[in-house]
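Derivation of every value follows stated rules applied to the coordinates shown; laboratory data play no part. Every value quoted in this text rests on a predicted model; they were computed, and no experiment measured them. In this analysis, Cβ positions are derived from the backbone assuming ideal geometry, glycine residues included, and neighbour counts consider all displayed protein chains.
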Amino acid sequence: MKLINLVLLTLTLVLCTQAKSETLLALSEGSETPLEISSWLYYSFAADDETIEQVKNFSSTRWQRLPSDEYNQIDLDPFWIKFSLYNADPVVINRLLSLGNPHIDKLDLYHFIHGQLIDHTEMGDRLLFTQRPLINNLFVYPFKLAPDVVHTFYIKINSEGNSNLPLTLWSPKAFTQYTESNSLSSGFQLGALAAIGFFSLCIAITSRSYSYTYYAGYVLSVTLLVATLQGYAFQFLWPKWPMMQNFMMTALVPLTMFFALLFTEKVLLLKYHSMTMLKLCRYSALYALLLLLITPLLEYSLALYINIISVLFVTAMLMVIASIHAFRGHKLAKLYTLAWSGMLVGSFITGTLYLGWITLPITHLTPFMIGLTFEVIFMASILAIRYNDERKAKQSSQQEALLQSQKLRKTKEEALLIEANSNEKLEQMVQERTLELEIALRELNDANQKLTEQATTDSLTGVKNRAAFDKRLLAEGRLSRRQQTPMAVLMLDIDRFKSINDSYGHLAGDQTLRLIAQTLKEKLKRPADLVSRFGGEEFAIILPNTDEPGAERVAELIRKTIDDLPISWKDIDIPLTISIGVSSEIIQSEAQPTRLLEQADKALYRAKNDGRNRVMVYTPESQ
């Protein structure tokens, strides 16, 4: 009878293998060892409108062995996997199928026995946590294997995240032991991280230290990130809000980077050692904040790519910064480099595993957790050392302040004694010095007035110079703009002045300039009017609160006076005339006074061209 059963079993296996071109996995009830079934998986691409009946009837050519590295990637198209189990024992076997990737968006599991569908289960982190057939942070499906029966499983995988498929078969006892040990180790890790984070936060509140504040933010953020990656956050914090999974995954990574960058800036004292590295850290922190705001709005797969690449870049950058400072001999930088090296290696391995760049026979989080544990322990040591150094420095400062206070008190007593002995002499000296100071201030004031006068007066003619004119032009322009009163500018030029110098000599020319300047001062009666030598034989006049007709009358009076002025040199009469350009406006802008001067100069140029010895008022045609 046993021989017949054995023959039938062998025939069944051969027929099934030939029919489906797949390898059956035979199980026995006595085995308690967890069994990785990745080597028995077959895959096929999935279409949107395919039904399970269509998938079950796929030809053998549609199913391929599942490579270990091809589906360890992000944002893959939906695909099917299948495998078959066979109970080689004469008793019913209880087994649990677990998927160790808690971030699969949705998986549809179909359980067939002899081609008949007996169960359809939906799981995934896009569904409520309570919908899982077994409450666990992983996806677990319990089932029973009857003797001499082939069980076939079809699973449709649809996920924007990493599609790694660590499928394992467990006996109930082995899975219970694994769950207990894993929960204990994960709980210890998360509890230790949370304790360190809250302890650092308490120290930050009491000491008002930015270093502890940023470190507390970093540790608490990374604790919540680890809990999310392991699926515990979904299980215990937001089991009724599946949408929180993707949001927290994309938000916690940049938040952790932000606190890590600010903590690095403070603990390495970059403000005092390197402004370039300080700016690099702060710009990177700003980038992390932008990432925190932007990535939740992007597609989940794209956000994961950006976050993972950013983590790899930031960890490498911080390692370089710490190494440079360690090479320069900074004590804390050496410890920081040692601490961050574990985080760097762990982050790089975990990041490349999530991106599918490498494949290792370990879970994705293992390198990161090892590096994180190493880094947190050493970072806590760094903070303890810094806190001790700050405490010693504070004590030293207090002692120094006490000594300085004692010295100050002693010095004050000596000073009071000296003051008491010298008050009488000091009063006498003060009276003498006060008298001398009053005399010196009076002399200094007179000298300042002379210097001011010399700095604003033309040395040859005695009228104001160009610098005084420019300053006064701006001041009068602002007054005209505020009071909305017209301001006029006159530009005067001596006709054929070069011929006077050529015919009579430069001394005669200087005498002519002085005489004209004196005449101009005499003709302008108002205190606010200003006459200045503009340059060479040119003079400029500012007439505040004067419209165009009034300015023209003043200009004509000046021209006639100069024309009638008797000028002689060594008993020789010198004929002399002047040309005048006039421009008058109400100032409306800061630049308009300068334009008013240019307009008067253009009117003067036109008066010269029209025959000299005349007054010309600026019009647009003067251009």
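With a ≥ b ≥ c the root eigenvalues of the C-alpha gyration tensor of segment 466-622, is it rounded (a/c under 1.5), prolate (a/b larger than b/c) or oblate? Can you show the working numbers first?
On the way: a/c = 2.13, a/b = 1.84, b/c = 1.16.
Prolate shape, in that a/c is at least 1.5 and a/b is the bigger ratio.
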Please state the relative contact order of segment 466-622 as a whole percent: Cα pairs under 8 Å, 6+ residues apart? 32 percent
Unsatisfied cross-links (Cα-Cα over 26 Å) in the set Lys471/Lys498; Lys464/Lys570; Lys464/Lys498; Lys521/Lys608; Lys56/Lys240; Lys471/Lys525: Lys471/Lys498; Lys464/Lys570; Lys56/Lys240
Excluding Gly124 itself, calculate the net charge of residues whose Cβ lies under 10 Å from the Cβ of Gly124, where each Lys or Arg counts +1 and each Asp or Glu counts -1. -1
Partners for Lys523 among aspartates and glutamates (Cα-Cα distance below 19 Å; same-chain residues under 8 apart left out): Asp458, Asp493, Glu537, Glu538, Asp547, Glu548, Glu552, Glu556, Asp563, Asp564
For segment 478-623, percent of DSSP beta bridges that are antiparallel (nearest 5) comes out at 90 percent
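Among the DSSP beta bridges whose two residues both lie in the chain, what percent are antiparallel, rounded to the nearest 5?
90 percent
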Under-5 Å amide H pairs with Ile574, H placed in peptide plane, nonlocal only: Ile567, Ser568, Trp569
Quick check on the chain: helices-only [θ] at 222 nm, where DSSP H runs of length 4 and up contribute -39,500 (n - 2.57) each and the sum goes over total residues. Nearest 500, please. -20000 deg cm²/dmol
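With a 10 Å Cβ neighbour count serving as the proxy for reagent exposure, in which order, fewest first, do Val430, Val617, Val345 appear? The partial results should precede the final answer.
Numbers: Val430 11, Val617 21, Val345 17.
Exposure proxy ranking, most exposed first: Val430, Val345, Val617.
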Among Asn246, Leu530, Thr337, pick out the residue whose Cα is farthest towards the positive end of the charge dipole of the chain, where Lys and Arg carry +1 and Asp and Glu carry -1 on C-beta, about the Cα centre. Thr337
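Sorted from fewest to most neighbouring beta carbons within 10 Å, what does the list Ser310, Ser185 look like?
Least to most surrounded, the residues fall as Ser185, Ser310.
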Among residues other than Ser584 whose Cβ falls under 10 Å from its Cβ, what is the net charge (Lys/Arg +1, Asp/Glu -1)? -4
Pairs of alpha-carbon atoms within less than 8 angstrom and 6+ residues apart define the contacts here; what relative contact order does the chain have, in percent? 9 percent
Exposure proxy order (Cβ contacts within 10 Å, fewest to most) of Lys82, Lys144: Lys144, Lys82
So what's the gap between the Cα centers of segment 286-320 and segment 106-144, to the nearest angstrom? 33 Å
Assigned charges on the beta-carbon of Lys, Arg, Asp, Glu; segment 466-622 dipole about Cα centre (debye): 400 debye
Farthest toward positive dipole pole in the chain [+1 Lys/Arg, -1 Asp/Glu at C-beta], among Ile439, Leu24, Val582: Ile439
Any lysines whose Cα falls less than 27 Å from that of Lys173, other than same-chain ones fewer than 8 residues away, would be Lys82, Lys144
Which of (1) 27.8; (2) 37.1; (3) 55.7 is the computed mean projected area of the Cα convex hull in nm²? It is (3)
Under a straight-distance cross-link criterion of Cα-Cα below 20 Å, which aspartates and glutamates are reachable from Lys266, leaving out those fewer than 8 residues away in the same chain? Glu375, Asp389, Glu390
Asp119's amide H: which non-local residues (gap 5+, or another chain) put their own amide H closer than 5 Å, with H modeled 1.01 Å from N in plane and none for Pro or chain starts? His111
How large is ³J(HN,Hα) for each residue in segment 144-158, as worked out from phi by the Karplus curve 6.51 cos²θ - 1.76 cosθ + 1.60 (θ = phi - 60°), to whole Hz, x for Gly and Pro? 10, 10, 6, x, 6, 10, 8, 9, 10, 10, 10, 10, 9, 9, 9
Of Leu416, Leu312, Tyr212, farthest towards positive along the dipole that unit charges on Lys, Arg, Asp, Glu beta carbons give the chain: Leu416
Taking 8 Å as the Cα distance limit and 6 or more residues as the minimum spacing, I'd like the relative contact order of segment 531-614 as a percentage. 26 percent
Ile309 to Arg126: FRET efficiency via 1/(1 + (r/R0)^6), r the Cβ-Cβ distance, R0 30 Å, to the nearest 0.05? 0.75
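Roughly how many debye, to the nearest 20, is the charge dipole of the chain about its Cα centre, given +1 on each Lys and Arg Cβ, -1 on each Asp and Glu Cβ, and no other charges? Write down the numbers at each step before the final one.
Details: 59 positive and 63 negative charges, 224 e Å.
That gives a dipole near 1080 debye.
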